[in-house]
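Worksheet: one structure, shown below.
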Amino acid sequence: MKSLSLSATRLSTYQRCPKSYELKFLKKVPGAPVKAPLLGQILHQALAEVYRWPAWRGVPSLAVVQDHWNEAIKKHPELTNDLCTEGWRMLQDYHARQIAPLAQWREPVGVEGRIEGELTVDQVTFKLTGRYDRLDCLTTGNTQAVLHLVDYKTSRQQQSLPELERDLQLGLYQLALEQRYGQVLQTVSHIYLRTGDVVSFEASAAQKALALEKIQALARDMLHREQFEAKTGKHCRSCDARQYCDTFTETPKAYAPKPSVGVQLSLA
Ligand code: SF4
């Protein structure tokens, strides 16, 4: 089986520079290790527990949030006092903005969940997988239920994804969630815990059709490509694979190719 793994990041990397895609995702050259900061991990754990609170018990009070925060930090004694104070401040602020004003508590469809779906391009079925922090189902009056996907961010600044990558990611979420739940994804929101800012992206049918067209075109191109040519530009400066790229440097580092893992399309 031809080995290919895709995602919104991978698709946009491929469009920017096929060689970079080949080095990073097919040959898997070593890049900078990516590990979520500890405070972010603990905040995610505490919020996941808060959103497991049952609806019949009403809107969670700040004391409920504090209990889950205390439980989460107990498992990480290495967290410094300063970070502890900072994290609790973020959760207090989150409760004041996002929880206390609610008239009614509704349990989400899922917390820290996994999304799975399929997409077939030229008789090759790609598996769609991804993760989310929270998935809500919204109903207003008699209108059809819609889905709202939420991700928590702990970065100091709002990080805007490049437009293409954001569109591809939204399109992939739409495809997979509609297959899984038979319901339409209406919005993706990024909640910035440090500032309380919420950045939302609407997921329309037109946007989905456009994203699907782009995803299929890129996936088809990748499937049938024999050579992954280099496209140089400003993006080379931030390319993780530049040390291994014989176009960027005359003395590229050597690497050992990794074994293939099968065809898969992921969302993040
Ligand atoms: S350094 Fe530039 S040309 Fe080389 S792989 Fe990276 S983006 Fe492509």
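The values are calculated or read from the model by the stated rules, or taken from the named source; none is laboratory data. Computed from a predicted structure; not experimentally measured. We place every Cβ from the backbone using ideal geometry, glycine too, and count neighbours over all the protein chains shown.
Among the residues of the range 52-66, not a single one is at negative phi, in contact (Cβ under 8 Å) with a residue 60 or more places away in the chain and of a type in the set (Lys, Arg).
Residues are listed down the side, and each one gets a yes or a no for (1) in contact with a strand residue (DSSP E or B) (Cβ under 6 Å, 6 or more places away or on another chain); (2) farther than 21 Å from TRP53 by Cα:
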| site | (1), (2) |
| --- | --- |
| ASP122 | no, yes |
| LYS127 | yes, yes |
| THR139 | no, no |
| THR154 | no, yes |
| ARG166 | no, yes |
| GLN179 | yes, yes |
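Note on the range 76-87: residues that are loosely packed, with under 12 Cβ neighbours inside 10 Å and free of Cβ contacts under 8 Å to residues at least 24 places away in the same chain total 5. Candidates in the range 26-51 are the residues that are modelled with pLDDT under 90 and under 17 Å from the mean Cα position of the chain (by Cα); of these, the one that is nearest to the ligand (Cβ to nearest atom) is VAL34. Looking across ALA211, ALA241, ALA203, ALA230, one residue alone is modelled with pLDDT of 85 or more and under 20 Å from the mean Cα position of the chain (by Cα). It is ALA203. Looking only at the range 206-260, which residues are more than 9 Å from the ligand (Cβ to nearest atom), aliphatic (A, V, I, L, M) and touching a residue at least 12 places away in the same chain (Cβ under 8 Å)? If the condition is that a residue be more than 9 Å from the ligand (Cβ to nearest atom), aliphatic (A, V, I, L, M) and touching a residue at least 12 places away in the same chain (Cβ under 8 Å), then LEU210, ALA211, LEU212, ILE215, LEU218, ALA219, MET222, LEU223 are the ones that fit. Taken over the range 31-61, the residue count meeting the criterion of being loosely packed, with under 13 Cβ neighbours inside 10 Å and either among the hydrophobic types (A, V, I, L, M, F, W, C) or farther than 30 Å from LEU91 by Cα (or both) is 5. Within the range 88-109, residues that are outside any loop (DSSP other than H, G, I, E, B) sit with their Cβ atoms under 9 Å from residues that are of a type in the set (Phe, Trp, Tyr) and buried (at least 17 other Cβ atoms within 10 Å of the Cβ), at 6+ positions apart or across chains, in these pairs: TRP88/TRP69; LEU91/TRP69; TYR94/TYR152.
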